[in-house]
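Heads up: the structure comes next, in structure tokens.
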Amino acid sequence: MRGIAVKPWNKAFQVAAVYVGTIVGTGFATGKEIVEFFTQFGFMGFFTILISGYFFISLGTSLMIKAIDLQAHSYEELNRYLFGNRLSKGVNFLMMAMLLGFCIVMLSGAGAVFEEQLKQPKIAGVLLTVFLLFGVLLMGSKGLLAVNSFMVPLMILFNLLLLIHTVSGEEITNRFFFMPEKLSYWKPILYAFIYPAMNLAMAQAVLVPLASEIKDKVVIRLGGMLGGLILTLLLLSSHLTLITLPEVAGYAIPMAVVMKGMLLPLFWIYVIVIYGEIFTSILGNMYGLEKQLKTYTRIKSPFIFTGIILFVLCFSFLDYSMLLRVLYPLFGYISFVFFVLLWVKANKQPVER
């Protein structure tokens, strides 16, 4: 009986790892995204993280449960339920364009890690990432699960180490209650909604086929709630760490800068972890994008992956900070309609087909 009870938790952890690994992409792992949406607002950012965390726990789980109810194998089928037959076609193409945009930002971020932290040419990081992507993507969902199950615990461990080091210092007390001058309260509150909207809209490309493949609602519910809780804790720990860094908005990889200042002996390992998390996020998005494109064409997966990677590669040399600062809030506003419809329809039973 004990073995039977443990098995759902083993699978649930894998689901949680993929969920976290998909959300914790370039901007999250580097800290740049957290600064843009939360930390720049000081004390207000702490409360807006709690709001976002609630949606990651509740709506992230609902999204996967709904995918099982609909027997949806790609996000196209979920969007058809949310938007209707006519609008869903346009929404799906928009989602694909956004997924490509995310992949461009992430690949550019991988290059930025090499450029800012390793003092190597950006092209070296971009090309290494492309080479690794080809290898893992051809393994399908098994490769996705394996990479995330390994990288996510490492990311959690390093975040906790940084948090423990941060809260033991004197600076955290002063910085925690800091409020920027001329703060407009509507913007952080709005960001508390558009941040999970953006991430869940993009994560559906991975979470929908994953839930459909597993089919077990108990496992999915446990995994979704666990993943959402981990994401909330990671956001909080990263925020509490980043508020101690002066001029935090001026860095492309602020989390690595904090690590270098606090725990220098672990710095190089942490840079590898950041790179690994960026890699897992690109991997998840490309995996979901390939699943969607397969519904439109009979081209074999290796050729689809090659086309996606080459397209993304063409734009990945644009400035990473600029790409994130412009595209991520834009994607958040676009995704807000998806977010609201998912929230409204989460507990409704789909009509039998």
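Points to keep in mind about this one:
- The residue that is modelled with the lowest pLDDT, counting only those in region 5-21 that are of a type in the set (A, V, I, L, M) and over 19 Å from the mean Cα position of the chain (by Cα), is Ala5.
- Ser321 vs. criteria modelled with pLDDT of 85 or more, among the small types (Gly, Ala, Ser), out of contact with any Phe, Trp or Tyr (no Cβ under 6 Å at 6 or more places or on another chain) and crowded, with 17+ Cβ neighbours inside 10 Å: no
- Elements of type helices (runs of 4 or more DSSP H) contained in region 22-113, each with 2 or more residues being under 15 Å from the mean Cα position of the chain (by Cα) and modelled with pLDDT of 85 or more: 32-37, 43-70, 85-112
- Among the candidates Leu200, Leu222, Leu229, the residue that is surrounded by 20 or more Cβ atoms within 10 Å (Cβ to Cβ) and either at pLDDT below 90 or not β-branched (Val, Ile, Thr) (or both) is uniquely Leu200.
- Pairs linking a residue in region 177-191 that is surrounded by 10 or more Cβ atoms within 10 Å (Cβ to Cβ) to a residue that is among the charged types (D, E, K, R) and part of a helix (DSSP H, G or I), with Cβ atoms under 9 Å and 6 or more positions apart or on different chains, are Tyr191/Glu36.
- Pick from region 325-352, criterion outside any helix (DSSP H, G or I) and of a type in the set (D, E, K, R), ranking: modelled with the lowest pLDDT: Glu352
- Of all residues in region 232-273 being without any contact (Cβ under 8 Å) to a residue 40 or more places away in the chain and surrounded by 20 or more Cβ atoms within 10 Å (Cβ to Cβ), the one that is farthest from Phe13 (Cα to Cα): Leu245
- Residue tally, condition in contact with a Phe, Trp or Tyr (Cβ under 8 Å, 6 or more places away or on another chain) and farther than 18 Å from Leu293 by Cβ, over region 86-113: 7
- Those residues of region 147-160 which are in contact with a helix residue (DSSP H, G or I) (Cβ under 7 Å, 6 or more places away or on another chain) and at pLDDT 75 or above, in sequence order: Leu154, Met155, Ile156, Phe158, Asn159, Leu160
- Within region 180-231, the residues that satisfy the criterion of being farther than 18 Å from Phe339 by Cα and among the polar types (S, T, N, Q) are Ser184, Ser212.
- Taken together, the criteria place Arg298 among residues that are without any contact (Cβ under 8 Å) to a residue 24 or more places away in the chain and either in contact with a strand residue (DSSP E or B) (Cβ under 7 Å, 6 or more places away or on another chain) or of a type in the set (D, E, K, R) (or both).
- Just so you know, in region 98-119 the residues that are within 26 Å of Met259 (Cα to Cα) and out of contact with any helix residue (DSSP H, G or I) (no Cβ under 6 Å at 6 or more places or on another chain) include one that is surrounded by the most Cβ atoms within 10 Å (Cβ to Cβ), and it is Glu116.
- Only one of Gly53, Gly90 that is of a type in the set (Gly, Ala, Ser) and surrounded by fewer than 18 Cβ atoms within 10 Å (Cβ to Cβ): Gly90
The values are calculated or read from the model by the stated rules, or taken from the named source; none is laboratory data. Fair warning: this is a prediction, and the values are worked out from it, not measured in the lab. Don't worry about glycine lacking a Cβ; one is built from the backbone with ideal geometry, like all the others, and counts go over all protein chains shown.
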